[in-house]
Amino acid sequence: LRGIARKHQFNADATRAGRADLEEAIRRDPNYGPAHGYLAWLNLIDILLGMTGEWGPSRLGEVIAQFSRAIQLDPNLSTAHQGLSQALIHAGDLGQAVAVARRGVELGPSDADALLFYAVALFESGEVAEALELADKAIGLNPVRPAYYCFFHAMILWGNERYQQALDEEEECLRKAPAFLGAHTY
């Protein structure tokens, strides 16, 4: 649980500490799928935001393998499907990313994250209107949105030419996580 909480802090120290927590969980129980899945998430975030410099784009294949291991251990783990879909987007496999994200929603139909990451996969594949509907639904299910909700919602709003709302969402993201580099860049 500490590892999961630390992955949402979006800074180098929390990322390293979260990685250590999740690696310890895997050491204690190598067959615990959620620990593999959340470690993969943390490493993917590190790749995308470059927080520690320890994980870069050349390690994307390792992250995909980590998510795949989590799914192998627990095929019903919606969070691993969500993360794998995001990794596949960055690997350039949009069709598979959408399919895996859709599976994440099937496994967790009321999971706001599953809807959000399905929306991101649809957005990246060019389905911007449907992506906005799903992102809005995800936000409606999660009254205490973490910073990354604001970030992805802003991206999808921008794609739907709702620029002021997109800017407002990025500003909200930065209020919640001032070190979130992606929001600064966006």
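Checking the stated criteria, Asp46 turns out not to satisfy the condition of being open to solvent by 30 Å² or more (accessible area, probe 1.4 Å) and farther than 20 Å from Ser78 by Cβ. Checking Leu1, Leu115 one by one, the residue that is aliphatic (A, V, I, L, M) and in contact with a helix residue (DSSP H, G or I) (Cβ under 8 Å, 6 or more places away or on another chain) is Leu115 and no other. There is at least one residue in region 115-129 that is surrounded by fewer than 20 Cβ atoms within 10 Å (Cβ to Cβ), charged (D, E, K, R) and outside any helix (DSSP H, G or I). Any residue that is of a type in the set (Ser, Thr, Tyr) and either in a loop (DSSP other than H, G, I, E, B) or touching a Ser or Thr at 6+ places or on another chain (Cβ under 9 Å) (or both) - is there at least one of those in region 48-64? Yes, there is a match, as at least one residue in region 48-64 is of a type in the set (Ser, Thr, Tyr) and either in a loop (DSSP other than H, G, I, E, B) or touching a Ser or Thr at 6+ places or on another chain (Cβ under 9 Å) (or both). Listed by first and then second residue, the pairs with beta-carbon distance under 6 Å, at least 6 apart or on different chains, first residue in region 166-184 and under 20 Å from Asp136 (Cα atoms), second surrounded by 18 or more Cβ atoms within 10 Å (Cβ to Cβ) and acidic (Asp, Glu), are Ala183/Glu170. Kindly indicate whether Phe151 is closer than 18 Å to His8 by Cα, of a type outside the set (D, E, K, R) and in contact (Cβ under 8 Å) with a residue 12 or more places away in the chain. Yes. Would you point out the residue of region 130-149, among those that are part of a loop (DSSP other than H, G, I, E, B) and open to solvent by 40 Å² or more (accessible area, probe 1.4 Å), that is farthest from Leu181 (Cα to Cα)? Checked region 130-149; the qualifying residue farthest from Leu181 (Cα to Cα) is Pro143.
Within region 4-21, residues that are open to solvent by less than 40 Å² (accessible area, probe 1.4 Å) have Cβ atoms under 8 Å from residues that are aliphatic (A, V, I, L, M) and not in a helix (DSSP H, G or I) in these pairs: Phe10/Met51; Phe10/Ala177; Phe10/Ala179; Ala12/Met51; Thr15/Met51, counting only partners at least 6 apart in sequence or on another chain.
The values are calculated or read from the model by the stated rules, or taken from the named source; none is laboratory data. Everything numeric in this text was worked out from a predicted model, so none of it was measured. In this analysis, Cβ positions are derived from the backbone assuming ideal geometry, glycine residues included, and neighbour counts consider all displayed protein chains. These area figures cover heavy atoms from the full protein model, side chains too; ligands, DNA and RNA do not enter into them. Shrake-Rupley method; radii C 1.70, N 1.55, O 1.52, S 1.80 Å.
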